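The values are calculated or read from the model by the stated rules, or taken from the named source; none is laboratory data. In this text, all values refer to a predicted model and were calculated from it rather than measured experimentally. Neighbour counts run over all protein chains shown; Cβ positions are idealised from the backbone, glycine included. Side chains included, ligands, DNA and RNA excluded: accessible areas come from the protein's heavy atoms. Shrake-Rupley method; radii C 1.70, N 1.55, O 1.52, S 1.80 Å.
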Amino acid sequence: MAEVDHLAAERATARFDVEEMKVAWAGSRHAVHVADRMARLVASDPVFRKDNRTMLSRKELFKDTLRKAAHAWKRIVELRLTEEEADLLRQYVDQPGYVDLHWGMFVPAIKGQGTEEQQHKWLPLAYKFQIIGCYAQTELGHGSNVQGLETTATFDPKTDEFVIHSPTLTSSKWWPGGLGKASTHAVVYARLITEGKDYGIHGFIVQLRSLEDHSPLPGVTLGDIGGKFGSGAYNSMDNGVLRFDHVRIPRDQMLMRLSQVTREGKYVHSNVPKQLLYGTMVYVRQSIVADASKALSRAVCIAVRYSAVRKQFGSQDGGPETQVLNYKTQQSRLFPLLASAYAFRFVGDWLNWLYTDVTQKLEAKDFSTLQEAHACTAGLKAVTTSVTADAIEECRKLCGGHGYLNSSGLPELFAVYVPACTYEGDNVVLLLQVARILMKTVSQLASGKQPVGTMAYMGKVQYLMQCKSAVSSAEDWLNPDAIQEAFEARALRMAVNCAQNISQAASQEEGFYERSPDLLEAAVAHIQLIIVTKFIEKVHQEIPGHGVKEQLQALCNVYALYILHKHLGDFLATGCITPRQGALANEQLGKLYAQVRPNAVALVDAFNYTDHYLGSVLGRYDGDVYPALYEEAWKDPLNETVVPEGYHEYLRPLIKQQQLKLSRL
Ligand SMILES: CCCCCCCCCC/C=C\CCC/C=C/C(=O)SCCNC(=O)CCNC(=O)[C@H](O)C(C)(C)COP(=O)(O)OP(=O)(O)OC[C@H]1O[C@@H](n2cnc3c(N)ncnc32)[C@H](O)[C@@H]1OP(=O)(O)O
Ligand SMILES: Cc1cc2nc3c(=O)[nH]c(=O)nc-3n(C[C@H](O)[C@H](O)[C@H](O)COP(=O)(O)OP(=O)(O)OC[C@H]3O[C@@H](n4cnc5c(N)ncnc54)[C@H](O)[C@@H]3O)c2cc1C
């Protein structure tokens, strides 16, 4: 705890119990305690220091990542941490590295697509780090279009092996994290060819490097793909390139849970949907949604605390300067982001529940919710990452000039975060998947088929296509039913409009292609409806703690009315609300910001982030920003010498030359 709390006055104005809000944010009292313990464990360990990260060269940064990963593993083993604790510890280490892909994709791919026998063989090795794995799907020529991958896995019945080959330059695996330098193994996605027939993309476990000296195995060419956006940031990750020259692997290294190749080379597909092959991506997409709320809340925490500390311009009578957080423009830019952080947290929790539920159903051979899981994970991944990436940049601007310094933590957070809009599915490509499912659902309405899950509202088509909002005062917008109805009507009408336009095209495919920009917006409207709905449902639950429910209610309204205001064109164009009702929503939004203002600092305190995890001099808990900024500047390598290197070669001759010229005048 800080000795001098420059934000004490802010904390004193909070009208709710911060400790109970921590519980609401984390999900349970247990979750708060575990997270707290792990965060402090990391913060107090000098190996996990990260304040110098942006000053390291790529090689130093990579070595630092290896050191941190090894040390984290040592601590996990020494302290016998549970899986939950270990995950949190890695999160607080806060440096992207090969372990993210090992635990996040390699292990889940084997769990999801390997037979029990294969799991029994490979998982214990992975769990003990006797092998290190990555997920090698994307190629130089194709990422989004998975069916377009070119790597081949041709079965050779003579030797009972698959021959893995990269037939073209564009078939080189390109991007997999952990592949470049660290992984010994990969789950490689390749076209399965047997008995002369191409059966499409399947997963194979392939060893890449020697377990003795880490050198590439014969026929394997691999390395790192090069430096990436920003200093520090995602450059700690060894995203890699990989080519195979007729590399042989035993037949039983094909992941055979969904389909098999027999000893004779016969292809057998189990009676399951082929999309289960994409299961690892679905799993990671849902975890990326949870991650979005973490990244967004970090940026917002920095911007809120700093905005409370920073003062600009005085009162007209020469009194004290104004905290920039008191400017209405600052509030209208910042508070919707604060509300979004909470919204994403709760929708992330719900998505995690949905994913668990779908997984259990799949195990019982019930595939009925697969489409719902795909639509929700793809759509929520796309919307939450796009918003978060933009929001981090907005938080940088909200911090003025100091936000541009590395020591603010925001440039690195942005650089680390933006690829989330691309990896695990480009956001536009994913939203078009949602749109495809929306169009399918609309087309089935006429046949009387009742939509289910998050599409259930579309079943109210008769009502939602003609309903008119009853809002007649700003306060009416505080009614969750009014909000819910407006969002449902907007989403449905946008989808139906798209479907009608598509039906006028020469073919469904051509119509979809022509209308894809509108479809994107319809998909966003549907996903925003899900986020609003889940926030409203959360607030309806019993939430203990003085004032906690009231604050969450206010944030829920901020989120919904901000989206309504931002996308007013949609609501007006579809006739869901009138211009007057739009103006009333904006009026209410202003009142809500005033309600949030005294609670703002406490609302970000409830994220319970240590100064180490935040990694920002602007976001310090104690608000003592200026001495920290001043001190940080002196740590820059440029300040190691008073006179810079290069002075004698370039500056002195220049200055002397000018002096000489002047003296000749
Ligand atoms: C400051 C420091 C901070 C440190 C913090 C550290 C954090 C670190 C976090 C690390 C997290 C992540 C690391 C990044 C790792 C990245 C990994 C990757 O990127 S792996 C590669 C991912 N690749 C993709 O996502 C590719 C995207 N493309 C696709 O998913 C598909 O190809 C698709 C869906 C676009 C098209 O597929 P296809 O052509 O086969 O399908 P159709 O469109 O024809 O659809 C057919 C049919 O299938 C249904 N479908 C499609 N996908 C799925 C699915 N996943 N599940 C279920 N069903 C699916 C689709 O709806 C159609 O259904 P139908 O009924 O036939 O209409
Ligand atoms: C940091 C990072 C880490 C990654 N880690 C891994 C990993 O561990 N393993 C792995 O296998 N891969 C990984 N990837 C690859 C990643 O999954 C792909 O980059 C991603 O799926 C996007 O595919 P792409 O690069 O082919 O983009 P493209 O599909 O080429 O996208 C280019 C543009 O075309 C647009 N576009 C493409 N298709 C359509 C369409 N049908 N309709 C409209 N517009 C379209 C996109 O919106 C985009 O604007 C990683 C990528 C990054 C950046």
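Side notes on the structure shown:
- Tallying residues that are part of a helix (DSSP H, G or I) and either open to solvent by 50 Å² or more (accessible area, probe 1.4 Å) or outside the structural domain of Lys173 (by TED's automatic domain parsing) (or both) within the range 135-147 yields 1.
- Entirely in the range 394-496, the helices (runs of 4 or more DSSP H) that have 2 or more residues that are open to solvent by 20 Å² or more (accessible area, probe 1.4 Å) and free of Cβ contacts under 8 Å to residues at least 12 places away in the same chain: 427-445, 461-466
- Exactly one residue out of Asp238, Asp213 is open to solvent by 20 Å² or more (accessible area, probe 1.4 Å) and of a type in the set (D, E, K, R): that is Asp213.
- Among the residues making up the range 423-438, those that are of a type in the set (Val, Ile, Thr) and within 8 Å of ligand 1 (Cβ to nearest atom) are Val429, Ile437.
- In this structure, Leu211 does satisfy being among the aliphatic types (A, V, I, L, M), more than 16 Å from ligand 1 (Cβ to nearest atom), outside any strand (DSSP E or B) and out of contact with any helix residue (DSSP H, G or I) (no Cβ under 7 Å at 6 or more places or on another chain).
- In the range 71-107, the qualifying residues are those that are out of contact with any helix residue (DSSP H, G or I) (no Cβ under 9 Å at 6 or more places or on another chain) and farther than 16 Å from Asp291 by Cα, and the one that is nearest to ligand 1 (Cβ to nearest atom) is Glu83.
- If the condition is being within 9 Å of ligand 1 (Cβ to nearest atom), touching a residue at least 40 places away in the same chain (Cβ under 8 Å) and not hydroxyl-bearing (Ser, Thr, Tyr), then the range 141-160 contributes Gly143, Val146, Gln147.
- Restricting Met256, Met281 to those that are more than 15 Å from ligand 1 (Cβ to nearest atom), among the hydrophobic types (A, V, I, L, M, F, W, C) and open to solvent by 10 Å² or more (accessible area, probe 1.4 Å) reduces the list to Met256.
- Among residues of the range 278-299, those that are closer than 30 Å to Gly200 by Cα and more than 15 Å from ligand 2 (Cβ to nearest atom), counted: 2
- Test: residue in the range 118-134 that is open to solvent by less than 20 Å² (accessible area, probe 1.4 Å), of a type in the set (S, T, N, Q) and more than 10 Å from ligand 2 (Cβ to nearest atom): yes
- Taken as a whole, the structure places Ser215 among residues that are more than 16 Å from ligand 2 (Cβ to nearest atom) and either modelled with pLDDT of 95 or more or touching a strand residue (DSSP E or B) at 6+ places or on another chain (Cβ under 9 Å) (or both).
- Within the option set Val187, Val163, being crowded, with 17+ Cβ neighbours inside 10 Å and away from ligand 1 (no atom under 13 Å from the Cβ) holds for one residue only, Val163.
- All positions within the range 532-554 that are part of a loop (DSSP other than H, G, I, E, B) and under 15 Å from Glu19 (Cα atoms): Ile543, Pro544, Gly545, His546, Gly547
- Restricting Asp64, Asp51 to residues that are of a type in the set (Asp, Glu), within 19 Å of Val99 (Cβ to Cβ), in contact (Cβ under 8 Å) with a residue 24 or more places away in the chain and not assigned by TED's automatic domain parsing to the domain that holds Phe229 narrows the list to Asp64.
- Candidates Gln275, Gln260, filtered to the one that is away from ligand 2 (no atom under 16 Å from the Cβ), touching a residue at least 60 places away in the same chain (Cβ under 8 Å) and either of a type outside the set (Ser, Thr, Tyr) or part of a strand (DSSP E or B) (or both): Gln275
- Single condition Val247 does not satisfy, out of (1) away from ligand 2 (no atom under 16 Å from the Cβ); (2) surrounded by fewer than 19 Cβ atoms within 10 Å (Cβ to Cβ): (2)
- Cβ-Cβ under 6 Å pairs, at least 6 apart or on other chains, the range 562-575 side modelled with pLDDT of 95 or more, far side open to solvent by 30 Å² or more (accessible area, probe 1.4 Å): His565/Asn586
- Filter result (more than 8 Å from ligand 2 (Cβ to nearest atom) and either surrounded by fewer than 23 Cβ atoms within 10 Å (Cβ to Cβ) or aromatic (Phe, Trp, Tyr) (or both)) within the range 173-184: Gly180, Lys181, Thr184
- Residue check for Cys467: touching a Cys at 6+ places or on another chain (Cβ under 9 Å) and more than 16 Å from ligand 1 (Cβ to nearest atom): yes
- Scanning the range 299-321 for residues that are open to solvent by less than 60 Å² (accessible area, probe 1.4 Å) and either at pLDDT below 95 or in contact with an Asp or Glu (Cβ under 6 Å, 6 or more places away or on another chain) (or both) yields Ala308, Gly314, Ser315, Gly319.
- Enumeration of residues in the range 148-172 that are within 20 Å of Thr422 (Cβ to Cβ) and either assigned to a strand (DSSP E or B) or touching a Lys or Arg at 6+ places or on another chain (Cβ under 9 Å) (or both): Leu149, Ser172
- Residues satisfying the stated conditions in the range 93-116, i.e. part of a helix (DSSP H, G or I), more than 14 Å from ligand 2 (Cβ to nearest atom) and in contact (Cβ under 8 Å) with a residue 24 or more places away in the chain: Val93, Ile110, Gly112, Gln113
- Just one of the listed residues (Thr168, Thr154) is over 23 Å from Ser259 (Cα atoms) and either of a type in the set (S, T, N, Q) or in contact with a strand residue (DSSP E or B) (Cβ under 8 Å, 6 or more places away or on another chain) (or both), and it is Thr168.
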